Amino acid sequence: MNEALIAAFFVFVLASFTGFEVINKVPPTLHTPLMSGSNAVSGIAVIGALIVAGPRDTNLSVILGLIAVILATVNVVGGFLVTDRMLQMFKKKEVKV
Amino acid sequence: MSEFLPTGIQVTYLVASSLFILGLKKLGSPATARQGNLWAAIGMLLAIVATLLDRQVLNYELIALGLLIGTGIGAIAAYKVAMTDMPQMVGLLNGLGGAASALVAIAEFWHLLGSHSTISLDANISIILSVFIGGVTFTGSFVAFAKLQGLISGSPVTFPLQQPVNALLLIGFLVCSGYLLVVPDNLPVFLGMTALSLLLGILFVIPIGGGDMPVVISLLNSLSGVAAATAGFVVMNNMLIIAGALVGASGLILTEIMCKAMNRSLASVLFGAFGGSAAGVAAGAAGGDKSVHSIDAEEGAMMLGYARSVVIVPGYGMAVAQAQHAVRELGDQLEKLGVEVKYAIHPVAGRMPGHMNVLLAEANVPYPQLHDMEDINPQFEQTDVALVIGANDVVNPAARSDSSSPIYGMPILEVDKAKHAIVIKRGMSAGFAGVDNDLFYKEKTMMLFGSAKDIVAKLVAEVKQL
């Protein structure tokens with residue numbers, strides 16, 4: 001294994017631990033928004049898609065990348081907006097009480 | 001791919017990663033959740049803008065078009081979707097994320113193949129993992145979507161020799177992968193490996209029934225994160241690895257919470273095909289001559305209206321009938337009569353984590369009236385009437401008393417301890433677990449048969465006349 005890969009593994013493992021720590025003890029009310037919000041974050045694949053769709057060629061690699069850009073963008077935009085819509089409902093109700 | 005990206009881009013990625021972590025942290029508390037979502041969204045925007053500045057990215061027109069199309073579809077879907085359809089929406093989005101990760105890996109493979117350079121072992125392993133996890137997430141999520149949307153049967157789909165067939169396909173996948181590690185540039189084997197991954201995703205979700213969906217949706221959510229992280233290894237990008245790992249971890253936590261709420265291991269959810277095997281037991285047990293007390297809406301309204309305290313227990317039936325607004329109205333009317341109204345929420349009620357909370361929030365049920373299982377269970381003994389709306393297994397006392405029951409040991413809402421229970425149900429069919437429910441045959445349980453929405457609307461009308 002080369003050095004870059006080792007470094008990438010460090011990042012992966014540490015980020016996983018961070019995720020466990022940050023998201024522990026979430027109240028059940030927020031389970032759905034947490035899921036759809038983190039779902040939107042997993043649309044980060046859009047970055048990988050942008051990189052592979054980057055070259056100014058028209059080969060299969062770029063075309064697949066562009067399809068991935070569209071799918072991941074739907075994931076990102078849809079995920080964040082729908083989470084906001086849900087949380088807005090929660091907010092409205094708290095003000096009323 | 002070990003290009004040195006300009007420092008500015010890396011610093012922006014660092015800021016974006018921090019925003020993701022802080023955003024997820026804030027999503028964990030009701031007061032800051034909305035802000036947390038916004039922070040995560042800003043992090044995403046920064047990450048995308050930074051990537052567009054990368055000197056490898058030159059294909060601006062087409063990329064802009066792709067981003068525009070994706071944004072349009074995403075925005076329309078987010079505003080059009082009904083709150084009752086939320087589980088499908090989350091399932092669908094998970095699938096798209098998984099598909100994107102797999103496509104990134106396939107595109108990278110094609111790129112490496114075309115460049116005639118040797119594909120290193122590291123890159124090869126990353127690509128195979130990314131295609132596998134992304135592919136399974138993609139097809140698995142779409143099967144989950146189809147089940148939730150009612151496009152295919154929501155009950156477990158089983159066929160003879162299911163486990164051996166699955167095992168054979170998995171072995172096929174492993175053989176293909178092993179071959180690719182030795183001979184990386186074999187396109188047919190790569191395509192075969194991809195097809196097997198997609199097929200495994202379908203077969204992995206198809207035997208899982210509707211009631212286990214909260215576990216499956218959380219697990220797919222986790223997988224979509226892991227898929228993004230593996231895609232990060234493919235293109236060697238820390239941003240992808242960090243965000244993917246965060247989502248993978250959070251999805252895993254939710255999966256564990258859901259499993260615990262059903263007292264089942266993840267393995268038994270994935271490979272148990274509940275319902276199917278349990279049905280035989282239930283049919284035998286239901287043989288006795290047990291009778292139920294059926295009442296009409298007028299009597300139900302009298303019981304509710306003259307009670308001091310009522311606990312409403314919503315379940316998937318309420319979601320299917322879209323009865324949440326009628327239920328809120330009933331709650332309001334009862335409060336006008338001086339009845340104390342509470343809602344009891346079981347962690348796995350519905351088809352995804354927190355499903356009932358979202359629906360009741362949409363109907364403007366005040367937050368303090370919603371109670372968790374641990375919180376409400378000790379209160380049932382002082383409750384005059386427990387009103388069960390379209391819930392079944394989560395209120396089945398057999399989980400507490402009958403060690404032979406398939407759901408034995410699952411934490412339940414102890415509705416049978418209330419002075420009276422009214423159960424709104426379409427018919428006498430068993431719940432998702434295929435188990436007969438003793439609660440329905442108890443002396444103090446009254447059954448109100450019909451669609452949740454109609455019955456609750458009738459109850460509202462009757463209560464108004466009291």
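The values are calculated or read from the model by the stated rules, or taken from the named source; none is laboratory data. Everything quoted here is computed from the prediction, not taken from an experiment. Every residue, glycine as well, gets a Cβ built from its backbone with ideal geometry; the counts of neighbours run over all protein chains shown. Calculation scope for accessible area: heavy atoms of the full protein, side chains included, ligands and nucleic acids excluded. Shrake-Rupley method; radii C 1.70, N 1.55, O 1.52, S 1.80 Å.
Quick look at the numbers
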read-out	value
Helix runs (DSSP H) in chain A reaching 15 Å along axis by Cα, Kyte-Doolittle at least 0.5	A:3-23, A:60-96
Heavy atoms of B:D384: accessible area, 1.4 Å probe, square angstrom to 10	20 Å²
Where trypsin sites (Lys or Arg not before Pro) fall in DSSP loop in chain A, at most 12 other Cβ within 10 Å	A:K25, A:R56
In Å², nearest 10: area of B:V341 left accessible to a 1.4 Å probe	10 Å²
Normalised contact order of region B:323-466, rounded percent, pairs of Cα under 8 Å and 6 or more residues apart	25 percent
Charge tally in the Cβ shell below 10 Å around B:N377, where Lys, Arg are +1 and Asp, Glu are -1, B:N377 excluded	-4
Relative contact order (%) - criterion: Cα under 8 Å, at least six apart; region: region A:29-89	45 percent
DSSP H segments from chain B that extend 27 Å or more along their own axis, Cα-based, with Kyte-Doolittle mean of -1.0 or above	B:7-27, B:33-52, B:60-80, B:86-114, B:121-149, B:162-182, B:187-205, B:213-235, B:238-262
Whichever aspartates and glutamates have a C-alpha closer than 20 Å to that of B:K147, once near sequence neighbours (fewer than 8 apart) are set aside	B:D85, B:D212, B:D393
MRE, 222 nm, helices only [DSSP H, n ≥ 4, -39500 (n - 2.57), over chain B, to nearest 500]	-19500 deg cm²/dmol
Region B:72-211 - Rg (one decimal) and Dmax (whole number), Cα, Å	17.2, 51
Solvent-accessible heavy-atom area per residue, rounded to whole Å², over the protein assembly as shown at 1.4 Å	39 Å²
10 Å Cβ shell holding at most 13 others, DSSP loop, GluC sites (Glu not before Pro): longest site-free stretch of chain B	B:4-442
Region A:29-89 - percent of accessible surface contributed by carbon and sulfur, probe 1.4 Å	65 percent
Protection-proxy order for peptides B:223-230, B:149-156, each taking the mean of Cβ atoms within 10 Å per residue, highest first	B:223-230, B:149-156
Protection proxy ranking, peptides B:423-429, A:29-35, average beta carbon neighbours within 10 Å, highest first	A:29-35, B:423-429
Violating pairs (Cα-Cα greater than 18 angstrom) within the set B:K336/B:K464; B:K425/B:K453; B:K419/B:K458; B:K342/B:K417	B:K419/B:K458
Gyration tensor (Cα) of region B:1-140, equivalent ellipsoid semi-axes in angstrom	29, 21, 16
Solvent-accessible area, 1.4 Å probe, carbon plus sulfur percent, for region B:299-453	49 percent
Sequence-distant aspartates and glutamates (8 or more away, or on other chains) whose Cα lies within less than 16 Å of A:K25	B:E256, B:D372, B:E374, B:D375
Rel. contact order, % - alpha carbon contacts under 8 angstrom, at least six apart, chain B	14 percent
Size descriptor, Kirkwood hydrodynamic radius, that averages inverse alpha-carbon separations across region A:29-89, Å	12.3 Å
Neighbouring partner chain Cβ atoms per residue of A:2-14, average, 10 Å criterion	4
Between region B:344-364 and region B:417-466, the Cα center-to-center distance that results, in Å	19 Å
Per DSSP, loop trypsin sites (Lys or Arg not before Pro) in region B:13-99 with at most 10 further Cβ within 10 Å	B:R55
Volume of the Cα convex hull of the protein assembly as shown, divided per residue and given in Å³	136 Å³
Overall Cα dimensions of chain B - principal axes, largest extent first, Å	79, 49, 32
Interface residues, region B:107-131 - accessible area loss of 40 Å² or more versus chain alone, probe 1.4 Å	B:A107, B:W110, B:D122
Accessible area buried at the B-A interface, both sides summed, 1.4 Å probe (Å², nearest 100)	8100 Å²
